[in-house]
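Accompanying notes for the structure given below.
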Amino acid sequence: MASSEPSLKTEKHVKYWKRCHSTFLPSNYTSGDSTRLTLGSFIICALDLLSVPFEKESRRSIREWVLALQHPDGGFCGSPTHSLPGWQAGQGTANLAATYFALVLLGAVAEPGAEQLAFARVRRASLLRWLRKLQRADGSFGQNLWDGEPTGGKDMRHSYLASCIRWMLRGWENPKQDVDVDRMTYDGGFAESWQNESHAGYVYCAVAALAMLDRQTNASPDDASSAISRGIQDRPGLTKFLAFRQFAYAAEQEERENHNDDSNFVETKLGSLTLEEEGRCAHVGFNGRWNKKADTCYCWWVAGTLTLLGQQDLVNKTPSRRFILEITQHQIGGFSKAAGGPPDIFHSYLGLASLAAMKGGEPGLKDFDAGLCCSKNIATTVERAGKYLWDECVGEAALNNKKSGTE
């Protein structure tokens, strides 16, 4: 990498994430209190990605907090604020997102040398029973249960989260593998339905869900899997959709448009662009839908998906990296959604994920697991913990069968 290229301001990012961890978050996060477990997972996983060590007491306290949010009937709750007076923290409503982030967070704070115990006290059997109840007959998943029935839209994100949870806990064999592939749209992307507008976030969730369904133990999802090959009906269309999410970012034009119009649409005079100019562009941003502006998080949704498809070379790395590090990297650490904005936890984590997922990785960041959206260290830990928990269940079942045979 040329010395003139921008660099990740590692020290500032570490300070930013440590502030998020040890002090109160800004008031803007109040409305997101029900997702406190999600915020906590992003913070700790970011520090892990930056190779920041945790003290033993800090690991223990985080672990106890996460386990306190475990629901007695399976799954994890997103925040202790939803439990009624007199209830324990985990007696609110368990949901898929909180459960996924809880398991990843437990992997992130596992004690060195005892990583296999990361899922100790996780009620595996009840969690997997709860997960089964969330799946509908058409293969889609609800977000949570209400009166024993899955609720929430047929959202691609739910399919992704369920696939990750199943893999981490070594869930049931031969799951339904359609994973809402009928949500593929005419342009090769994925959406809420085939009639809706495609979106890079939904595309990542669809491809990653298929990759996790087909992911074996001791394996990485970073190469195209057979489930992806079977599930994606229009692979050339999908590749084209992802490749066209990146475009030359013109800072002056963006500033004028922001000044004159608060909408998120971008109109570009196509006749003013040439292939020669595109080849020399300083910054390349990504959007999630056609005619939208560049956004830090879409660098991840696109780069992460292409990594899973084994097509990282389609990311124009050098100008894309410049966009993240020169346009949205904030002077106090973290990343903003777009130029000129404040850093936030969501975009700051996915900014790091984008850099780590690009071909060759990023100096100062650990290797990244594109399927679980965390460092490969955490992915290895949760895999070991899931196996250990599975072996315990198998051993306990064998012991019970032996006792039954002698009675």
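Every number in this text was worked out from the coordinates using simple rules, so none of it is lab data. Remember, predicted model here, so these are calculated numbers, not experimental data. For neighbour counting, all protein chains shown are included, and Cβ atoms are generated from backbone atoms with ideal geometry for every residue, glycine included.
Answer rounded, prolate or oblate for region 278-372, using the Cα gyration tensor with square roots of eigenvalues a ≥ b ≥ c: rounded when a/c is under 1.5, else prolate when a/b is larger than b/c, else oblate. Walk me through the intermediate numbers first.
Values: a/c = 1.43, a/b = 1.14, b/c = 1.25.
Rounded shape, in that the Cα axes give a/c under 1.5.
Can you flag which of 317/366; 9/359; 240/293; 359/387 are past 23 Å Cα-Cα?
Details: 317/366 18 Å; 9/359 20 Å; 240/293 18 Å; 359/387 30 Å.
Where the Cα-Cα span goes over 23 Å, the pairs concerned are 359/387.
What relative contact order, as a whole-number percentage, does region 1-154 give when Cα pairs under 8 Å and 6 or more residues apart are counted? Don't skip to the end; give the middle numbers.
Values: 194 pairs, mean separation 29.0, N = 154.
Relative contact order here is 19 percent.
Could you list the square roots of 5 times each eigenvalue of the Cα gyration tensor of region 17-155, that is, the equivalent ellipsoid semi-axes, sorted largest first and rounded to whole Å?
26, 18, 14
With each pseudo-label sitting 7 Å past Cα toward Cβ, what's the residue 331-residue 197 distance in nm, one decimal?
3.4 nm
Go through region 370-377 residue by residue and turn each phi into a ³J(HN,Hα) via Karplus (6.51, -1.76, 1.60, θ = phi - 60°); whole Hz please, and just put x for glycine and proline.
Residue by residue, region 370-377 yields 5, x, 8, 6, 7, 5, 5, 4 Hz.
Just want the ordering: 151, 38, 305, from fewest to most Cβ atoms lying within 10 Å of their own Cβ. Working shown, then result.
On the way: 151 13, 38 20, 305 27.
Ascending Cβ contact count within 10 Å gives the list 151, 38, 305.
Ranked from highest to lowest mean number of other Cβ atoms within 10 Å per residue, what is the order of the peptides 350-358, 326-334? List each step's numbers first, then the result.
Values: 350-358: 26.8, 326-334: 19.2.
Result, highest mean Cβ count within 10 Å first: 350-358, 326-334.
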